[in-house]
Amino acid sequence: GSWDKVRLAQVCSNLVGNALQHGDATTPITVRLVPAEPDSVTLSVHSYGPPISSDLLPVIFEPYRRNTNTERSKGLGLGLFITHQIVRAHGGDIDVRSTAEDGTTFTVTLPRSLSERAAEQTRWVS
């Protein structure tokens, strides 16, 4: 793909860091990067542990939102907001699903090449 590798490393680091912080330490974290379609790629980070509360899920990518259901919650609640902004600046999407049975999965879908609008936003983010 044609991406800002430093910013996407930040996305990966944040998602994996959250999985380590909030996930069950006795189960593995799964990170996958697969072609979704000929023109896009999907990154997913999956972990088990306490689910994200249903009232937080719709607003989890807003600034200063964090999962307060666990004693391990630290930080200001900006990491997922920043992650969301980086993904959007690349013309992509990010989604989260979280249940007690299936665990938590963050899914990022990125186009392989930047649209003109996304290229402008990426220059702004850098």
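Values computed for the structure shown
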read-out: For region 90-95, Karplus couplings with θ = phi - 60° (6.51, -1.76, 1.60), whole Hz, Gly/Pro x; value: 8, x, x, 10, 9, 9
read-out: For Ser113, distant residues with modelled amide H under 5 Å away; value: Ser2
read-out: Whole-Hz couplings from phi, Karplus 6.51/-1.76/1.60, listed for region 16-26; x for Gly and Pro; value: 5, x, 5, 4, 5, 5, 9, x, 6, 5, 8
read-out: Among 17-28, 88-99, the order from most to least packed when residues are scored by Cβ within 10 Å on average; value: 88-99, 17-28
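Rule-based calculations on the coordinates, nothing more; no lab input. All values derive from a computational prediction rather than experimental measurement. Counting neighbours? That spans all protein chains shown, and the Cβs are built from the backbone with ideal geometry, glycine included.
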